[in-house]
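Here is the structure we will look at, set down as structure tokens.
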Amino acid sequence: MSIRILVWNVRGINNALTANHVHLLCKTHKIHVLAILEPMTPPNFPMFCNKLGFHNGIANKNNKIWVFWTQSYSASLLRDCEQVLDIEFQSGALSHKFTASFVYAKCTRVERRDLWDELRAVATLFDHKPWIVGGDFNCFLAEEERIRSNTNRHLDMEEFGQMASDSGLIDIGFEGDTMHTWCRRGLKERLDRIFMNNTWTDIFPKSGVKHLPRIKSHHAPLLFYADLSIHKPPPTFRYLNIAQDKVAHLEKAYDDNPSPHLLIDLNHATVELVLATRIEEDYWHQKSSCKWIVEGERNTKYFHNLVKHKRVKSRIHSIIDNGISLTDEKDIQHSCVNFFTSYLANDVQCAEFQCDFLIPTIPDYIDLTALCVTPSRTEAKQAQRPSPLVAEVAALHQALRLLPPWHISKLWIGSDSSILCTTINKKLPGHWSIKDLLVDIQNSLSLCAYQISHVYKEGNKVADKLVDIGLHTENSIEYNNTSIPIAVKKIARLDQINLPSFRLENHP
């Protein structure tokens, strides 16, 4: 059993050729639910249901969204808005009801904010129900999703992405020859897409979106499918379940008989449960390839969602084997097994496999003998030189040690590392290599009134000169007004007269 939904901004359905093409798509792909955006004609559902081959249909309040469904489905209207239409569907062949929100977004950022707020509002209602959101959002999520367009859309993308994050929606990617679903006069953008929530991935893990060819419209039709026949792997972390059951059992036993030895057993079991929970968090942390985590805000559900996202997007829906397209899961498995069994067979002639591009050779001008010589002290020091960010953090950490002896209560920090400024201002945990230093820095800054600002290297020449001196000095040096180097004094005097700073860049 499967679910087939077609979402398309047709830019006018009353044209006979367009209507015939929609009917052909629905018949070819066995569509159960059809969403038409911008029909540009008064709703006459008896006529269009007969023409397109559906049982019933409904339109939203401003006639921008039409939804049709077959006789095997029943539909209940949940909410009717200008930019979104929420409908709950049920079928006798499905074990679960599901909700679909069909979107036709406004063209301006301000008007779309109403849509983002509406989707956030219903996200909590559909959190434990399978929910998809699809349509024409008139916005994209990343710069690579547009071509030949240079308008500033960063705030649009930020608000769109924030809505998806707040609503727990997953962009599951797409199949098809092109990413861009809208094309006009050479401009290409991915304005149409389909999201799903995490509950949908739990119930219908084998789901996908296919971009069909653009015909009769500037927009590409989106084919959404969800197959129910899929083998689920056995659940993981059974040890965690055992630990939870053990704690629950001992808690009940201790409530019935509060003896010292039961209390000891309960404490040991609680420690084992905490350890098992941390192991699970670390496992999902690694599986999700997540780089940052704020201590005190650990949330295993967050990492579960990231892994689900990766699994859905990386699922193989079809492959080509000897010119034949395979879509059945078992056929794909057998094809992969047969290919690698043949490829890794013992009679494979290794000499025929050209791998020079995988293992580059050492150029002739490299002295192979010199590679085996023990490196000098200078070479070792250069190899161990930290990254600019680590150097900035280490320098700030060292400077803040002077706060107590110098009785500094107000501090203004200028750094040419925007990452460092953002990390301190937002109290982010930072990369593991500087995490401990950042903790000490935050503790030191809590003792005084401070602000940190990002300045370009050209506007911070005094500090840049001192850093240059420090890189060529083995020991620590403290300067005062009389001992500071002449070169630094000259730069400071130039800064005092507010001469402008310049940055020279080479452009091809």
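Here, each number is a calculation from the coordinates, and none is a lab measurement. Since this is a predicted model, take the numbers as computed values, not measurements. Quick reminder, even Gly has a Cβ in these numbers, built from the backbone with ideal geometry, and neighbours come from all protein chains shown.
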List the trypsin sites (Lys or Arg not before Pro) in the stretch 1-100 that DSSP assigns to loop (not H, G, I, E or B) and whose Cβ has at most 12 other Cβ atoms within 10 Å. Which are they?
30, 61
When you have a sec, figure out the Kirkwood radius of the stretch 162-222 from all distinct Cα pair distances and drop it here in Å to one decimal?
12.8
For the pair residue 255/residue 372, report the inter-label distance in nm, with labels modelled 7 Å from Cα in the Cβ direction.
7.3
Point-to-point label distance, residue 334-residue 202, nm (Cα→Cβ direction, 7 Å offset)
3.4
Segment residue 147-residue 443, extension gain: residue separation times 0.36 nm, minus the distance between their alpha carbons:
101.9 nm
Gain upon complete extension [residue 469, residue 215; 0.36 nm per residue less C-alpha separation]
84.8 nm
Tell me, what is the FRET efficiency for residue 395 and residue 51 to the nearest 0.05, using R0 = 56 angstrom and their Cβ-Cβ distance as r?
0.20
Which pairs break 29 Å Cα to Cα here: 51/210; 426/489; 246/330; 97/330?
426/489; 246/330
May I ask you to order 393-399, 335-341 by the average number of other C-beta atoms within 10 Å around their residues, highest value first?
393-399, 335-341
How far apart, in nm, are two points set 7 Å out from the Cα along the Cα-to-Cβ line at residue 486 and at residue 63?
8.6
Gain upon complete extension [residue 316, residue 451; 0.36 nm per residue less C-alpha separation]:
43.6 nm
Footprinting proxy, 28, 70: sorted fewest to most Cβ within 10 Å, the residues are 28, 70
